[in-house]
1. So for each of 135-142, 166-173 I average, over its residues, the number of other beta carbons within 10 Å; can you give me the resulting order with the highest mean first?
2. Grab the eigenvalues of the alpha-carbon gyration tensor for the chain, scale each by 5, take roots, and send me the semi-axes largest first in whole angstrom.
3. Modelled label-to-label distance, SER57 and LEU197, 7 Å Cα→beta-carbon offset: nm?
4. List every residue whose amide H lies under 5 Å from the amide H of ILE25, counting only residues 5 or more places away in sequence or on a different chain, with H placed 1.01 Å from N in the peptide plane.
5. Which angle from 0 to 90°, rounded to the nearest 10, does the C-alpha axis of helix 37-46 make with the longest principal axis of the chain?
6. Reachable lysines from LYS19, Cα under 22 Å, same-chain residues fewer than 8 places away excluded?
7. Past the 24 Å Cα-Cα mark, which pairs from LYS118/LYS218; LYS136/LYS167; LYS168/LYS194; LYS162/LYS201; LYS150/LYS239; LYS29/LYS150?
8. Report, in degrees rounded to the nearest 10, the 0 to 90 angle that the Cα long axis of helix 167-179 makes with the longest principal axis of the chain.
Amino acid sequence: MAQRHAAQLARAMINGEWKFNNTSIGFFKDGHLADGQHRLSACIDAEYTFKTLVVPSLGNDAMLTVDQQTKARTISVILDMEGVDEPEVKSYIASNYLKSFIIGHFSGGNKSSNTALKVFVNNFDEPLSKVIEEAKGILKQSTNRIYSLKSASLWLFYADKKNPSYKKEARRALTEITTGVSEFDDSPGMVANKVLLKKLKKQGPSITMNNRIGTTIKALNYIIAGQTATPKAVAFPAKKRERFPQFV
């Protein structure tokens with residue numbers, strides 16, 4: 001549920017701006033709420049009673065087509081309505097992975113359709129759930145904001161697909177970058193940690209997914225090669241118009 005939207009509706013109710021209209025509250029055949037959660041949440045917060053149309057006994061797939069043209073339901077909302085766990089994280093992984101697959105990196109460019117994203121999530125639901133749980137475990141030890149749950153889960157899924165032979169090393173790189181802890185002080189992951197922390201301090205939230213994953217790929221490649229690395233060697237981009245790094 002979009003908390004901001006529910007809050008806006010609550011304010012309208014409190015301010016006397018709410019009007020009866022043709023929008024209904026919908027319920028599935030089993031009695032569960034299908035549509036109207038924002039209005040109902042708002043009326044509770046505003047302690048407001050309102051009249052509305054009610055439509056009972058909707059089919060489980062009915063809401064997937066409601067207001068698709070005007071409301072433009074996001075893929076995470078659609079997945080949530082279908083009962084998919086972690087819909088926001090899975091839709092984030094799907095969107096960014098498909099973008100990287102089509103244009104080679106994670107910034108700008110392609111935006112996949114909801115249909116394509118839904119098919120992707122359905123096809124990879126189990127591995128997506130697995131990497132999300134792994135990311136949660138790694139981030140419990142995190143001491144910085146370099147990677148969020150969404151971006152950490154994306155990294156694990158992306159790395160597993162790009163270089164499945166080095167799952168252990170991909171997780172080591174993520175752990176070192178997010179915790180700043182390693183058995184080896186000169187580990188490429190530790191160097192990448194310092195590079196990204198510096199960039200994060202300088203740029204704040206504007207640090208891009210290309211910065212995060214590009215730097216992590218470079219660090220991973222050095223880890224796999226068993227070599228040490230300098231900050232310049234793992235930083236991405238290290239120079240203007242540098243191509244997005246590839247896995248070894």
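Each value in this text was obtained by applying a stated rule to the coordinates, not by laboratory testing. Predicted, not measured: the structure shown is a model, and the values here were computed from it. Every residue, glycine among them, receives a Cβ derived from its backbone with ideal geometry; neighbour counts consider all protein chains shown.
1. On the way: 135-142: 16.0, 166-173: 19.0.
My ranking of the peptides, most packed first, is 166-173, 135-142.
2. Numbers: eigenvalues 365, 76, 51 Å².
Output for the chain: semi-axes of 43, 19, 16 Å.
3. 6.3
4. The answer is LEU53, VAL54, VAL55.
5. Helix 37-46 sits roughly 80 degrees off the main axis of the chain.
6. Reachable lysines: LYS51, LYS71.
7. Values: LYS118/LYS218 31 Å; LYS136/LYS167 16 Å; LYS168/LYS194 21 Å; LYS162/LYS201 30 Å; LYS150/LYS239 27 Å; LYS29/LYS150 34 Å.
Beyond 24 Å: LYS118/LYS218; LYS162/LYS201; LYS150/LYS239; LYS29/LYS150.
8. So the helix axis and the longest Cα principal axis differ by about 80 degrees.
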